[in-house]
Each structure stands twice: as C-alpha cells, then as structure tokens.
1. May I ask you to list the lysines whose Cα is less than 24 Å away from that of LYS135, ignoring any residue fewer than eight positions away on the same chain?
2. Just SER224, SER139, SER205 to compare: in a GNM of the chain, with alpha carbon springs under 10 Å, which one fluctuates most?
3. If you restrict to DSSP beta bridges whose two residues both lie in the stretch 1-138, what percentage is antiparallel, to the nearest 5?
4. I need the shape label for the stretch 88-195. Rule: rounded when a/c is under 1.5, else prolate if a/b > b/c, else oblate, with a, b, c from the alpha carbon gyration tensor.
5. Can you list the residues, at least 5 places off or on another chain, whose amide H is less than 5 Å from the amide H of ILE231, using H built in the peptide plane?
6. Loop-only check: which trypsin sites (Lys or Arg not before Pro) in the stretch 23-94 are DSSP coil with at most 16 other Cβ within 10 angstrom?
7. Of the GluC sites (Glu not before Pro) in the stretch 121-185, which ones lie in a loop per DSSP and count no more than 16 other C-beta atoms within 10 Å?
8. Please check: in the Gaussian network model of the chain (C-alpha springs, under 10 Å), which one of ASN90, ASN43, ASN189 has the largest mean-square fluctuation.
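Computed from the coordinates by the stated procedures, all read-outs in this text should not be read as laboratory data. Since the model is a prediction, treat every value here as computed from it, not as a measurement. Ideal geometry is used to build each Cβ from the backbone, glycine not excepted, and the neighbour counts take in all protein chains shown.
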Amino acid sequence: MIVAAMQPYFFPYIGYFQLIHAVDAFIFLDDVQYIQRGWVNRNRIRYRDRWIWLTHAVESADRDLAIIDRQYVKSGVNSTARLMGKIEENYRNSSNFDQCSDLIRPLIESGERNVCQYNCQHVSALCNEFGIETKILKSSEIKRKGELRGQERIIDLCKTLGASTYINPIGGLSLYQTSEFDEAGLKLNFLRSTYPLTDLSPEPSYLSIIDTLMMDSIENVRLSLNSYEIIHSQR
C-alpha cells in the first residue's frame with residue numbers, strides 16, 4: 001500500500017490532487033497544530049499580472065489548538081460571500097468561468113465553519129469531480145502510539161495502515177530521513193509536479209486549484225493528474 005499525508009489545505013494547488021491520485025490511501029493530518037500564515041486557510045489566486053492571497057479568516061484561539069478544533073469566522077471582510085465575490089471579480093473573463101464558478105460556489109459557500117471539515121469537504125468533493133478514487137482518511141480517526149510528531153508520526157501512521165511506501169511532496173524533502181523509513185521497513189518517495197507553473201509576478205509559482213480550473217478546464221485537470229514524477233529519496 002502506498003500512503004501520503006497532508007494537512008487539509010484551503011483549495012490547494014494541482015500537485016496536492018496529483019499526490020492524492022498517486023497513492024492508495026491519503027490521510028488528512030487534522031489533529032496537528034494549526035500554522036499561522038500557512039496553507040490551511042489561504043491560497044494564491046490571479047489578480048491581473050500577479051498573484052494575491054485568497055484568505056478565509058480563522059477565529060483567534062490558543063496557538064496550540066489543532067486544526068480539527070479551529071473555526072472560520074462567521075462574517076466580515078473575509079466571509080464566504082466576499083471570498084466568492086473576489087473570485088468572480090478576478091476571473092469573470094476567464095474561458096471556463098461559468099463551469100468553474102458553478103463547481104466552486106457551493107464549496108466556498110457551504111456554511112461549514114469548522115476549518116477541518118470545510119477543507120476536507122471541498123478537497124474530497126473536487127477529488128470526486130476529478131475521478132480520484134483514493135481512500136481518504138483522517139489522522140484523528142487512526143489509533144496512534146503516544147504523542148509522536150513529525151516523521152515519527154508519519155511512520156507510525158504508515159505502519160498502522162500496513163503501508164509499504166510513503167510519498168511526500170518534493171517541498172518536504174528536508175523533513176524526512178530515508179534511514180528512519182528504511183529502519184521501519186518503508187520506502188520514502190517524493191512527488192514533483194510537472195504541470196506548468198503560472199508565470200505571474202513576483203515569480204512563477206503554483207496557484208490554487210481555483211485558478212487552474214478557471215484558466216484550464218475540469219477535463220484537462222483530469223488529464224493532468226499523472227503529470228508528475230516520483231523521486232526516490234537518497235538521503
């Protein structure tokens with residue numbers, strides 16, 4: 001069995017969905033610490049010739065409170081209606097606006113305020129739309145061995161599920177040591193997306209799946225799920 005695990009991101013980039021598609025079981029790391037200014041409550045969208053943040057504000061709480069216990073704000077400048085308005089303003093002239101907005105609107109305006117549930121719901125819904133059939137789990141629902149963190153927690157999750165291989169996005173290359181996975185009887189691989197970067201200021205980068213759908217199409221996203229390469233860890 002091949003496994004991957006990620007925090008539940010807010011409308012993540014296409015590589016996140018490629019990762020889910022590449023494995024047999026995908027784990028939402030929902031019981032880990034929420035990181036300010038990370039990817040759990042925001043992502044990048046297009047604005048003219050540059051990218052900007054699309055941010056869904058999270059209620060203030062103790063910094064140690066896990067993602068599963070976090071809540072999005074009820075209303076205000078970052079309410080879901082205003083988020084959708086921002087998307088429409090920036091993409092109304094895109095070639096796939098009608099198709100994409102019909103798909104995205106009910107996900108943005110779902111009414112769910114729990115951060116974990118909101119993110120897991122829209123990621124899972126998009127997986128269904130893309131034809132991804134990977135089994136999706138939550139780390140909070142998997143029995144753990146003590147208070148493990150980092151790669152020790154990942155290894156424990158893999159062993160609990162009976163995995164043989166763990167795949168992580170290439171951006172996390174420095175987080176894991178091959179020797180530790182070898183010792184646990186696991187292969188460690190990394191996924192690098194080969195889908196084209198978006199050439200916007202200040203530098204080419206990947207934007208939210210919202211941008212990909214607006215500028216490309218649902219059909220092409222499905223076809224691009226295999227546009228990646230697997231790097232075998234040598235560390």
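1. LYS143, LYS145, LYS159, LYS187
2. Result: SER205 has the largest fluctuation of those listed.
3. 55 percent
4. prolate
5. Those lying under 5 Å, H to H, from ILE231 are PHE190, LEU191, ARG192.
6. ARG37, ARG48, ARG63, LYS74, ARG92
7. Those that pass, being in a loop and sparsely packed, are GLU133, GLU147.
8. ASN90
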